[in-house]
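This report concerns only the one structure given below.
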Amino acid sequence: MSDSILLTLDGTQHDADAPFLHADDLAAVRGDGVFETLLVRAGRARGVRLHLERLVRSATAMELPAPDPDEWRAAIENAVKLWTAEHGTSDEALLRLVYTRGREHGYAPTAYLTVERVPERVASARADGVSVVTLERGFSIDLAARAPWQLLGAKTLSYATNMAALRHAASEGYDDVIFVSSEGAVLEGPRSTVVAVYGDTLVTPPTEIGILASTTAQAVFDLADAEGWKTKVEILRPEDLVAADSVWLVSSVTLAARVTHLNRYVMPVPADADRFSGLVDRAIAAEGD
C-alpha cells in the first residue's frame, strides 16, 4: 500500500518515491507555477469546481497556458479512485494540483497531481484550535491594485515567506499566523483565510486588499446566506478580532480551526463553537463536485 500517489495529467501513475521533476523545472528553481490543495473526504474530492476556477485565475495572472478544467477534473477523479482503491473512504486525504511553467528552456508546462494522508496537525487544529500571532506582511492594502505583477491574488508556488512566518511563529510558541498590512489591516494566514463571528454575522476581509480568494470561505458564505446568517466582506483590524465572539482560520484541508489565543490575548470560548464548524462541514459537503 502506497503512502502517496503521483499522477500526471495524461492519467499516467508514477512511482511517488522515484525522481520526477527535472532539475531545471521552474517550479523548483523559481517557484514559477500555481497549485491547489483539495480535501478528499468519504471518497470524494471537495470543492472541485471552486478550486479549478481559482486554478484558471491563478494561471491567467501568471500568463501560463490556460489549463483545461475538464482535463483536470478527469485527473482528479482518477487520482481519488486510485487512492480509495488502496485506502478506502474512511480516512481523509490531501490532493494537490501542481501546474508549472515547465523546464527552463522552452519546454511545455509541467502538470501533475499528488494524493497523500492529511497531516497530523489537522486533527489537532480542528479539535483544539490554534494559537496565533499577528505578523506584518510588508505591504499596504492598495498594493494589489497598484502592482498586479506582485500576484497577490494568485495561488503561486512561491510560499517561502509563508513558511518562514510559520517557523517564526513556532519559535515564539504559536501554532499559526495572521498577517497584517502596513496599515494594520487583517489580511490572511499563510495557509488560511480569517473569518470572524459576531452573533449571526460572519465577516472576512476583502480580496481587493491583496489576499487569496478562499474557496472554503466562498462555500461557507454561500451556505450561510441560505441558512439565514448575515455575511460581510470588509476590512478588519486585530482589535476587531478581539471583539468577536470567535475567530476562525478556514482552509480547504483543515476546514475550521478556532483561534484560541491572539498574540497574548486569550480568546473567549464560544458556547456554540460547533455551530460554525458544522456550517463549514456542511458547506464542504455541498461543494463536493
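The values are calculated or read from the model by the stated rules, or taken from the named source; none is laboratory data. Keep in mind the model is a prediction, meaning the values are calculated, not measured. FYI the Cβ positions are ideal-geometry reconstructions off the backbone, even for glycines, and counts take in every protein chain you see. Note: accessible area is taken over every heavy atom of the protein model, side chains too, but ligands, DNA and RNA are not part of it. Shrake-Rupley method; radii C 1.70, N 1.55, O 1.52, S 1.80 Å.
Tally the residues that are open to solvent by 20 Å² or more (accessible area, probe 1.4 Å), touching a helix residue (DSSP H, G or I) at 6+ places or on another chain (Cβ under 7 Å) and not basic (Lys, Arg), restricting the search to segment 100-132.
2
When you look at residue 28, is it without any contact (Cβ under 8 Å) to a residue 40 or more places away in the chain and either in contact with a Lys or Arg (Cβ under 6 Å, 6 or more places away or on another chain) or outside any loop (DSSP other than H, G, I, E, B) (or both), yes or no? Walk me through how you get there before you give the answer.
Working: without any contact (Cβ under 8 Å) to a residue 40 or more places away in the chain: yes; either in contact with a Lys or Arg (Cβ under 6 Å, 6 or more places away or on another chain) or outside any loop (DSSP other than H, G, I, E, B) (or both): yes.
Answer is yes for this residue.
Just to check your reading of the model, which residue among 240, 222 is out of contact with any helix residue (DSSP H, G or I) (no Cβ under 8 Å at 6 or more places or on another chain) and either assigned to a helix (DSSP H, G or I) or not assigned by the TED database to the domain that holds residue 135 (or both)? First the steps, then the outcome.
Details: 222 fails: out of contact with any helix residue (DSSP H, G or I) (no Cβ under 8 Å at 6 or more places or on another chain).
Testing whether each residue is out of contact with any helix residue (DSSP H, G or I) (no Cβ under 8 Å at 6 or more places or on another chain) and either assigned to a helix (DSSP H, G or I) or not assigned by the TED database to the domain that holds residue 135 (or both) leaves just 240.
Could you run through segment 133-158 and say how many residues are open to solvent by 30 Å² or more (accessible area, probe 1.4 Å), more than 17 Å from the chain's Cα centre (by Cα) and closer than 23 Å to residue 257 by Cα?
Residues that pass the stated criteria total 4.
Please indicate, with yes or no, whether at least one residue in segment 159-174 is closer than 24 Å to residue 100 by Cβ and assigned to a loop (DSSP other than H, G, I, E, B). Quick ask: steps written out before the conclusion?
Keep residues of segment 159-174 that are closer than 24 Å to residue 100 by Cβ, which gives 159-166.
Pick out the ones that are also assigned to a loop (DSSP other than H, G, I, E, B) and you get 159.
Yes; the residues of segment 159-174 include at least one that is closer than 24 Å to residue 100 by Cβ and assigned to a loop (DSSP other than H, G, I, E, B).
Could you please find all residues in segment 264-289 being open to solvent by less than 50 Å² (accessible area, probe 1.4 Å), modelled with pLDDT of 95 or more and within 26 Å of residue 173 (Cα to Cα)?
Answer for segment 264-289, where residues must be open to solvent by less than 50 Å² (accessible area, probe 1.4 Å), modelled with pLDDT of 95 or more and within 26 Å of residue 173 (Cα to Cα): 267, 277.
Give the residues of segment 73-87 that are over 17 Å from residue 53 (Cβ atoms) and open to solvent by less than 30 Å² (accessible area, probe 1.4 Å), sorted by residue number.
79, 80, 83, 87
Just name the residue that is nearest to residue 96 (Cα to Cα) out of those in segment 142-158 that are at pLDDT 90 or above and assigned to a helix (DSSP H, G or I).
The selected residue is 150.
Mind telling me which of the residues 114, 100, 84 ends up being among the hydroxyl-bearing types (Ser, Thr, Tyr) and under 16 Å from residue 42 (Cβ atoms)?
Working: 114 fails: under 16 Å from residue 42 (Cβ atoms); 100 fails: under 16 Å from residue 42 (Cβ atoms).
Result of the check over 114, 100, 84: 84.
Has segment 40-57 got at least one residue that is part of a helix (DSSP H, G or I) and among the acidic types (Asp, Glu)? Spell out how you get there, then give the answer.
Initial filter on segment 40-57 (part of a helix (DSSP H, G or I)): 48-57.
Cutting the leftovers down to among the acidic types (Asp, Glu) gives us 53.
Yes, the conditions are met somewhere in segment 40-57.
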